[in-house]
1. Report the local net charge at residue 140: Lys and Arg +1, Asp and Glu -1, summed over other residues whose C-beta lies under 13 Å from its C-beta.
2. At a probe size of 1.4 Å, how large is the accessible area of residue 64, to the nearest 10 Å²?
3. Alpha carbon centre of the stretch 101-123 versus the stretch 60-74: separation in Å?
4. Could you order peptides 146-152, 135-141, 118-124 by the average number of other Cβ atoms within 10 Å of their residues, highest first?
5. Given +1 on the Cβ of Lys and Arg, -1 on the Cβ of Asp and Glu, and no further charges, what dipole in debye does the stretch 61-110 carry about its Cα centre, rounded to the nearest 20?
6. Highest mean first, what order results for 100-111, 74-85 on Cβ atoms within 10 Å?
7. Could you order 47, 16 by accessible surface area, starting with the largest, using a probe radius of 1.4 Å?
8. Compute the accessible area per residue over the chain, keeping the other protein chains in place, probe 1.4 Å, unit Å².
Amino acid sequence: MINTVDFVSSTRMEAMQGDKTLAVISITDTGSSDTRISPGFGPVLRMKFDDLDADSLAAGSTGRVFAHGDAERVVSFLDAVDRDAGLQGVIVHCEMGRSRSGAIAWYALSYGGEMAKERRIDGFNSLVLEALESVRGKRLPRPSGMLVPVGFKL
């Protein structure tokens, strides 16, 4: 069940103690090594894609873009977490803990959970969020400020 959602940087994720009631979505850049995640956490979905958005692509940046198949994997994982009564929430991380993880965490809030901690959301990756929305054909409201407060629900 997704009661809580959080998103953090890779460094913060590596420092966290495991919690079997929390699932993890681990995002690393292509060509980077996987983030070390405590084996004490619940299920982990590992993904590799680069932090590319419309602006960076227009400026000529290259790399692996979050694609529809990636979005399907995330949604399928979140569906499974939501059905599992032994799970209470999900933590998403990426390198800096802002754009890619922020977009996926924002989407995860649509499962009815609330933000576990106050987090900065002003730089979320819109291409990631739009790909997730396309899987379900449902557009979510966008963040209305720089911060998502503790206890926030969509």
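1. +3
2. 90
3. Centre-to-centre distance over Cα atoms comes out at 19 Å.
4. Top to bottom by mean Cβ count within 10 Å: 118-124, 146-152, 135-141.
5. Roughly 180 debye, rounded to the nearest 20.
6. Order by mean packing, descending: 100-111, 74-85.
7. Of 47, 16, the descending order of accessible area is 16, 47.
8. For the chain, the per-residue accessible area is 48 Å².
The values are calculated or read from the model by the stated rules, or taken from the named source; none is laboratory data. The structure displayed is predicted, hence computed values, not measured ones. Every residue, glycine among them, receives a Cβ derived from its backbone with ideal geometry; neighbour counts consider all protein chains shown. These accessible areas exclude ligands, DNA and RNA; they are computed on the full protein's heavy atoms, side chains included. Shrake-Rupley method; radii C 1.70, N 1.55, O 1.52, S 1.80 Å.
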